[in-house]
Every structure is written in C-alpha cells, then in structure tokens.
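S.K.: One structure, pasted below without further comment.
The values are calculated or read from the model by the stated rules, or taken from the named source; none is laboratory data. The model shown is predicted, which means the values in this text are computed figures rather than measured ones. As a convention, Cβ positions derive from the backbone with ideal geometry for all residues, glycine included, and neighbour counts pool all protein chains shown. For accessibility, only protein heavy atoms count, side chains too; no ligands or nucleic acids. Shrake-Rupley method; radii C 1.70, N 1.55, O 1.52, S 1.80 Å.
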Amino acid sequence: MPRFAPHPARRPVLIAGASSGIGAATAQAMAELGHPVVLGARRLEQCETLAAKIRDNGGEALAHPLDVTDTASVDAFVSAAEATFGPAEILVSGAGNMVFGLIHELTPEQFLAQVDVHLVGVQRLAHRVIPGMLERERGDFVIISSETAQAPRPRSGAYPAAKAGVEALARQLWMELEGTGVRASLVRPGPTLTGMGMDSTPEIIGPVLADWSRWGFARHSDMLRADNLAAAIVAVVSAPRGAHIQLTEVQPEARVRSAAERSLS
C-alpha cells in the first residue's frame with residue numbers, strides 16, 4: 001500500500017486574486033489556521049491593508065503585486081513568496097474580473113483579455129508552481145471555477161467559456177498529476193456576493209439580470225458569501241494525504257421558509 005507523509009504543520013499559501021472577495025476571505029481563513037499567506041493582485045494597496053491586518057492578529061502575511069496575464073509578474077510573485085516563506089505548499093488561483101456583454105458585441109480584444117485572465121492565467125501559475133511541487137511530491141493547486149462553466153448565462157461575455165476551459169484544464173491536470181503527490185482541485189461557486197462585476201452601471205446590469213431571470217437562473221434571492229467559499233477551500237486543502245477532493249460545488253442555501261410558505265409550493 002502506498003504511504004504518504006503528512007502535510008507540514010506550516011504550509012505557505014499563495015493566493016492569486018487576494019485583494020477582495022473569495023481570495024481575501026481565503027487569506028484570512030488560512031492565516032487563522034497558522035499558515036503564512038502571500039496575497040497577490042493588481043490592486044496592491046488592498047492586499048497590503050489585508051496583510052497588515054493579518055500580521056496585527058499574529059499571522060504571517062506578505063502582499064506582492066500580481067498580474068496573471070504577465071508571465072514575468074507571475075514569476076516575480078512566486079519568487080518573492082518563496083524567498084519569504086519557503087516553497088509553496090498551496091496555491092489558490094482566483095484572480096479575475098468580469099466584463100458583461102453579448103458575445104457578438106464584445107470586441108475580439110475584450111474577449112481575449114477575459115480568456116487570458118481566467119484561463120491562460122491559471123496555466124501561467126501552474127507552469128511556475130507545479131514543477132516545485134512535483135520535486136517535493138506534495139502540494140495543492142486549487143482553481144476557482146464557476147457554475148457558469150456547466151450552465152452558461154447570457155450576457156456574461158467570455159466568462160463562461162473561459163471557466164469551461166478552466167474545468168477542462170483541471171480535469172487534464174488530474175490525469176497528468178496522478179501518482180505524483182500533487183493534487184489539483186476545482187472549487188465551483190454558485191451565485192456569490194463579491195465585488196466582481198459589481199461596478200457595472202445599471203444600464204449594463206439591468207438587461208443582464210432580466211435575461212438571467214428569463215432563463216430561470218434566479219432560483220432564489222440568497223447568495224453565497226466569500227467566507228463560505230473560503231471554508232470550502234480550507235476543507236479541500238486540509239484533506240489528509242491519500243485523499244483528493246477533486247471537485248467541490250458550493251451553492252447558496254435558501255432561507256428557511258415558514259410553514260405557510262412551504263404549503264404553497
């Protein structure tokens with residue numbers, strides 16, 4: 001029977017997309033467990049604020065600029081992280097933004113930019129981090145996907161296509177990394193209240209929500225919080241050696257209805 005060395009008690013965690021939302025919540029959750037965290041994003045000031053908060057609470061944290069569309073930036077981010085805290089044990093790939101629009105109305109440049117962030121950016125991180133994990137025969141590479149990979153939504157631009165590509169990439173990684181000690185995992189959120197796409201104007205978001213409702217995507221009004229996804233990520237990377245949680249889908253739990261409301265359904 002194969003034997004696995006247990007995870008180290010202290011596991012450096014690199015988080016792409018840590019300036020807000022799921023990435024920021026994950027950084028706080030992992031730091032609370034005693035792991036050093038490296039916060040990467042283009043919005044460095046927000047990462048630095050969160051890193052300072054983590055350090056004030058007794059944790060270890062470093063903020064460093066990261067643009068996942070730039071190979072040199074990815075290399076600099078990982079190099080700084082490992083120089084500060086040691087080899088990467090966990091990487092969480094959650095960098096992204098969202099440009100709403102009809103596919104045929106987006107320019108090819110707008111479409112490509114979204115694919116570069118959400119799909120090619122993941123590969124850049126894998127290219128930089130996974131070889132070291134392979135040498136050590138352990139590591140967790142966690143990719144944040146989206147339920148739109150399985151159920152595309154209108155007016156979501158390139159986002160569903162990019163996330164569908166990410167899920168294909170993850171499945172390929174599962175096969176390629178089997179037997180190496182390195183685990184690639186997908187976390188697939190349902191509707192989540194984060195800042196991504198929330199800076200759109202009412203003129204843009206109005207038709208988006210109307211189409212989503214028309215196609216039946218609004219099951220109920222409740223949404224996940226970023227810390228719900230952070231809890232899922234913690235569970236994935238905390239699985240003991242010998243267990244590989246490949247896909248975790250998290251959906252918002254609807255509020256508890258009254259007996260009268262349930263009798264009408």
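S.K.: Zone of residue 127 (label point 7 Å along Cα→Cβ, backbone N under 19 Å): which residues in the range 145-173?
M.R.: Residues 162-163, 165-173 fall inside that zone.
S.K.: Report the label-to-label distance for residue 33 and residue 107 in nanometres (one decimal), using points 7 Å from each Cα along the Cα→Cβ vector.
M.R.: Taking the two extended label points, one gets 4.3 nm.
S.K.: Once a ≥ b ≥ c are taken as the square roots of the eigenvalues of the Cα gyration tensor of the range 41-88, is the result rounded (a/c under 1.5), prolate (a/b larger than b/c) or oblate (a/b not larger than b/c)?
M.R.: Verdict is oblate for the range 41-88.
S.K.: Could you compute the net charge surrounding residue 35? Neighbours are other residues with a C-beta less than 10 Å from the C-beta of residue 35; K and R count +1, D and E count -1.
M.R.: Within the 10 Å Cβ shell, the charges total -1.
S.K.: Another question, if that's okay. Report the calculated FRET efficiency for residue 10 and residue 151 (r = Cβ-Cβ distance, R0 = 30 Å), to the nearest 0.05.
M.R.: 0.15
S.K.: Largest first, what is the accessible-area ranking of 142, 250 with a 1.4 Å probe?
M.R.: So the residues, ranked largest to smallest area, are 250, 142.
S.K.: I've got another one for you. According to a simple spin-label model (label point 7 Å from Cα along Cα-to-Cβ), what is the distance in nm between residue 43 and residue 238?
M.R.: So the two model labels end up 2.7 nm from each other.
S.K.: Post the alpha-carbon centroid distance, the range 94-162 to the range 29-78, in whole angstrom.
M.R.: Centre-to-centre (Cα) distance: 20 Å.
S.K.: Next up: For the range 9-147, rounded, prolate or oblate, judged on the Cα gyration tensor with a ≥ b ≥ c (square roots of eigenvalues), a/c < 1.5 rounded, else prolate if a/b > b/c?
M.R.: prolate
S.K.: Also, quick follow-up: Near the amide H of residue 250, under 5 Å away, which other amide H atoms are found, from residues 5 or more places off or on another chain, if H is placed in the peptide plane?
M.R.: 188, 190
S.K.: Can you tally the net charge around residue 181? Count Lys and Arg as +1, Asp and Glu as -1, for every other residue whose Cβ sits under 12 Å from the Cβ of residue 181.
M.R.: Once positives and negatives cancel, what remains is 0.
S.K.: Would you work out the relative contact order for the range 1-151, in percent, from Cα pairs under 8 angstrom that are 6 or more residues apart?
M.R.: RCO, the range 1-151: 23 percent.
S.K.: May I pose another question? I want the local charge near residue 122. Using Cβ-Cβ distances under 12 Å, sum +1 for each Lys or Arg and -1 for each Asp or Glu among the other residues.
M.R.: Net local charge, residue 122 excluded: +1.
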